[in-house]
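Okay, so here's the structure we're looking at.
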């Protein structure tokens, strides 16, 4: 391997175009990581992205990209429903993997992926790395120190709204980089707000509180079609899901992933105890002090992330760039990360069990930990 990580981008869609390409082609990261290849089933899109961002090679398939032998690692930016297949392909080639959220759609897929990576000596990093945030680390410390007394209940979740239809920079144009159809977000496999949005709050909640033990849920399709540029996009993946998590000893959490209608604080955990409440960045209404809080106040929640410095603070999707850099550090410096595949697997098991609970009307026991 060279002195820097040669990174392939799998899928030239919204997250890659708005986040990874802009961050990872900046001059300040060239001594650590360089994008050397991109693939997309729409070859013209891969070629256009390569031309815009100065990437040496573009391919129509991941197989062609891997066969060229010019990557040490890949970031999988494709629709969630194909993450497992593509992740396994990379692992079998001995290539390290960063997964954009969510890593897989089922816990069985996550089990096989982790076991194969361990056998092949491949490193896996899974977004979202919510416990990289100094605020969440501080909240965990406060709770463990008894700041809320005995915990009683918690809330997290997120809503689709029309976020994906409204991503103007990648949806509203006529060229391959601005005419990307968002239909997959509403279809099986891998669509729906849980895998795409609620995943953030659940990574934070479980990172702070620890693994859940059981889940019970209701789930279904509420909005059966969405309009995009005069076209109706059918919805066959559940878009309205409500669940209750059991953390043991009668400590419960309410979690949602819904078609529309969000609670404040971007769905990050709202945690109640007998002696108070943590709500976003406040403890009992007072600001929580933590390293980098001034940067978060100025640049949003990504300002205090360790690799998000300089111009990275004003670019979109800086948290995804941070997760990729966690993999880079692990490869180059043998520095493991808290953004682990095992944590992602636990959150995926919650989603997997949620849909089983909704289908059967029975609470489901969770088996994974991290």
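Details
- Scanning the range 241-280 for residues being surrounded by 15 or more Cβ atoms within 10 Å (Cβ to Cβ) and out of contact with any strand residue (DSSP E or B) (no Cβ under 6 Å at 6 or more places or on another chain) gives a total of 8.
- Checking residue 294 against (1) surrounded by fewer than 16 Cβ atoms within 10 Å (Cβ to Cβ); (2) within 22 Å of residue 7 (Cα to Cα), the condition it does not meet: (2)
- Residue in the range 268-285 that is more than 26 Å from residue 242 (Cβ to Cβ), free of Cβ contacts under 8 Å to residues at least 40 places away in the same chain and assigned by TED's automatic domain parsing to the domain that holds residue 201 present: yes
- Figure legend. Inter-residue proximity from the range 331-347: first residues surrounded by fewer than 16 Cβ atoms within 10 Å (Cβ to Cβ), second residues assigned to a helix (DSSP H, G or I), beta-carbon distance below 7 Å, spacing 6+ or different chains. Indicated pairs: 335/329; 336/330; 338/131; 338/132; 342/114.
- Tally, over the range 217-246, of residues that are under 28 Å from residue 339 (Cβ atoms) and either part of a loop (DSSP other than H, G, I, E, B) or in contact with a helix residue (DSSP H, G or I) (Cβ under 8 Å, 6 or more places away or on another chain) (or both): 8
- Where a residue in the range 3-20 is free of Cβ contacts under 8 Å to residues at least 24 places away in the same chain and its partner, wherever it lies, is surrounded by fewer than 24 Cβ atoms within 10 Å (Cβ to Cβ), with Cβ under 7 Å and at least six apart: none
- When we screen 113, 89, 142 for residues that are at pLDDT 95 or above and in the same structural domain as residue 251 (by TED's automatic domain parsing), the only hit is 142.
- Residue 54 being exposed (fewer than 14 other Cβ atoms within 10 Å of the Cβ) and touching a residue at least 24 places away in the same chain (Cβ under 8 Å): yes
- Residue match in the range 100-120 (condition: farther than 20 Å from residue 203 by Cβ, touching a helix residue (DSSP H, G or I) at 6+ places or on another chain (Cβ under 6 Å) and touching a residue at least 12 places away in the same chain (Cβ under 8 Å)): yes
- Conditions (1) under 27 Å from residue 365 (Cβ atoms); (2) in contact with a helix residue (DSSP H, G or I) (Cβ under 7 Å, 6 or more places away or on another chain): number failed by residue 273: (2)
- Applying the criterion of being closer than 30 Å to residue 154 by Cα and more than 16 Å from the chain's Cα centre (by Cα) to the residues of the range 176-188, the residue that is surrounded by the most Cβ atoms within 10 Å (Cβ to Cβ) is 186.
The values are calculated or read from the model by the stated rules, or taken from the named source; none is laboratory data. The shown structure was predicted, so the numbers you read here are calculated from the model rather than taken from an experiment. Cβ: placed from backbone, ideal geometry, glycine included. Neighbour counts: every protein chain shown.
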